[in-house]
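Read the structure below first, then the notes.
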Amino acid sequence: MPRRPHVPDALRQGHFTRDHARRHGLSDRQLQSACWRRLFPGVWAWAEWQPGHEAWVGAASAALPEDAQPTGATLLRLLGYDDGSAWFPLHCVIARDHHAHLDGVFLHRTDAMPATGALGVSPTAAFIAYCAEATVLEAARAGDWLVAQGSMSVHGLVETASAERWRAGSRKARWIARHLRADSRSPEATSWRLRFVAAGLPEPEVNVSIHDAADALVTISDLGFLRWHTVAEYEGGRHQQDPRQYLVDLQRYADLRRLGIDYVQLTRATSPVAGVVAVYRAMCRHGYEGPAPVFTGRWRDLGRRLSRVVRRSGTTSTESGLGNVDQLPPVAG
């Protein structure tokens, strides 16, 4: 029976370079065995180690020049934002004409490196890069999350994108900035807020406080149309799986009914059209006389690349209904 290769403890967790391997007694020939896995040129790991996203970024950084920095969706994920998309390609940027091909890595080249932070480029710079490739809904979800986390401000985003208009995502970032809200509870709440607006309904208040006749706080709802006594809330799996949360929800529903407020529950299973129609009908029961929701131009724009929508809306706002990118209102947050 062949002897099992010795694996130094220091190499069992994490990536390592050839120099690191040699310091632990491994030759180039030994690195070619099935015991080791090459992650990138010059970077290996123990074959049984399963790297997470952060570890993959670290391994890619070890294979790239030292001045290359994580950016875009890769940096956002390092900050904790997970949009459910594939990890690869990893996005990095370098401020010179450097050509390197690494499978699973997209190395962007730029004339001037944006502001950087502890993990790579700054969150604002990463978001601007993200906007170059994202859909309208993807950009709004990520932007709201960054603002809510305190990693970025809307004002800072507009200032940076305006000062660096030559970057690929700057015009798109300035466009989406007007649709970001500082107090959105979750990316799902952001999605529903934009769906209501894109379908032609009034924009709901975000994280709206609801009080009773004695001015006591009853609840805080994700999205509120209080003029028409209607609220909508996104409820994730915890609301259905946690018995205690379920009882809290039942009491909240009863409190809202007591105040004469219609409650529309939105879940992962709720189709976008059905959710919008349910809110519209609830509003109509309380006197809303606005037009019925429309699922055409602006609605379809939510799933389109931001670059396409901004390019079309740059000269007219009649088709998208979302305004000219250079006519930004004052921003806050």
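Can you tell me what share of the DSSP beta bridges in the chain is antiparallel? A percent to the nearest 5 is fine.
If I count the DSSP bridges inside the chain, around 65 percent turn out antiparallel.
Treating only the Cβ of Lys, Arg, Asp and Glu as charged (+1, +1, -1, -1), what charge dipole size does the chain show about its Cα centre? Round to the nearest 20 debye.
On the way: 39 positive and 34 negative charges, 179 e Å.
Taking the Cα centre of the chain as origin, the dipole is about 860 debye.
Taking neighbour counts of Cβ atoms within 10 Å as a proxy for exposure, in what order, fewest first, do Cys131, Cys92 appear?
On the way: Cys131 31, Cys92 25.
So the residues, fewest neighbours to most, are Cys92, Cys131.
Exposure proxy check: Ser186, Ser33 ranked by fewest other beta carbons within 10 Å?
Ser33, Ser186
Shape call for region 268-309 from the C-alpha gyration tensor, a ≥ b ≥ c root eigenvalues: rounded (a/c under 1.5), prolate (a/b greater than b/c) or oblate? Walk me through the intermediate numbers first.
Details: a/c = 3.94, a/b = 1.79, b/c = 2.20.
It comes out oblate by the Cα gyration axes.
In degrees between 0 and 90, to the nearest 10, how far off the longest principal axis of the chain does helix 243-258 point, with axes built from Cα atoms?
30
Take the Cα of Arg285, step 7 Å along the line toward its Cβ, and report every residue of region 160-203 whose backbone nitrogen sits under 15 Å from that point.
No residues fall inside that zone.
Using 1/(1 + (r/R0)^6) with R0 = 22 angstrom and r between the beta carbons of Arg38 and Arg12, what's the FRET efficiency to the nearest 0.05?
0.85
The list (i) 5, 21, 25, 20, 15, 9, 4, 1, 0; (ii) 6, 27, 38, 24, 4, 0; (iii) 6, 26, 35, 25, 7, 1, 0 gives values of P(r) over Cα pairs in 10 Å bins from 0, in percent, and only one came from this structure; which label was calculated from it?
Read-out taken from this structure: (i).
Given Ala269, Val154, Ala132, which one lies farthest toward the positive end of the charge dipole of the chain, if we put +1 on the Cβ of every Lys and Arg and -1 on the Cβ of every Asp and Glu?
Ala132
Residues with amide H under 5 Å of Trp36's amide H, sequence separation 5 or more or different chain, H placed in the peptide plane at 1.01 Å from N; which?
Amide H neighbours of Trp36: Ala47.
Using only Cα atoms, find the angle between the long axis of helix 136-149 and the longest principal axis of the chain, and express it within 0 to 90 degrees, rounded to the nearest 10.
Taking the Cα atoms of the chain, the angle to 136-149 is about 80 degrees.
Working out 0.36 nm times the residue gap between His99 and Met113, then minus their Cα-Cα distance, what length gain in nm do you get to one decimal? Could the numbers behind the result be given before it?
Details: separation 14, 0.36 × 14 = 5.04 nm, distance 1.61 nm.
Additional length available on full extension: 3.4 nm.
For region 36-131, go through all pairs of different Cα atoms, get the mean of 1/r, take its inverse, and jot down that Kirkwood value in Å.
The answer is 13.6 Å.
Can you compute 3J(HN,Hα) from phi for each residue in region 33-41, using the Karplus curve 6.51 cos²θ - 1.76 cosθ + 1.60 with θ = phi - 60°, rounded to whole Hz and x for Gly and Pro?
Per-residue couplings from phi come out as 6, 5, 6, 10, 10, 7, 7, 8, x Hz.
Let me have the 222 nm mean residue ellipticity of the chain computed from DSSP H runs of 4+ only, each contributing -39500 (n - 2.57), with the sum over all residues rounded to the nearest 500. Walk me through the numbers on the way to the answer.
On the way: 14 runs with 129 residues, N = 333.
Helix-only estimate at 222 nm: -11000 deg cm²/dmol.
For region 212-227, just list the computed ³J(HN,Hα) in residue order, Karplus coefficients 6.51, -1.76 and 1.60, θ = phi - 60°, integers in Hz, with x standing in for Gly and Pro.
For region 212-227, the Karplus curve yields 8, 4, 8, 6, 7, 5, 8, 6, 10, 9, 4, 9, x, 10, 5, 4 Hz.
What is the distance, in nm, between label points placed 7 Å from the Cα along the Cα-to-Cβ direction at Arg258 and at Glu235?
Those two pseudo-labels are separated by 1.8 nm.
Quick check on region 201-285: of the DSSP beta bridges with both residues there, what percent are antiparallel, nearest 5%?
Expressed as a percentage, antiparallel bridges in region 201-285 total about 65.
Cα gyration tensor of region 225-290, axes a ≥ b ≥ c as square roots of the eigenvalues: rounded (a/c below 1.5), prolate (a/b > b/c) or oblate?
Verdict is oblate for region 225-290.
When Tyr234, Tyr263 are ordered from fewest to most other Cβ atoms inside 10 Å of their Cβ, what list results?
Numbers: Tyr234 22, Tyr263 18.
Fewest to most other Cβ atoms nearby, the residues stand as Tyr263, Tyr234.
Computed from the coordinates by the stated procedures, all read-outs in this text should not be read as laboratory data. Because the structure is a prediction, the values reported are computed rather than measured. So basically every Cβ, Gly included, is an ideal-geometry build from the backbone, and we count neighbours across all protein chains shown.
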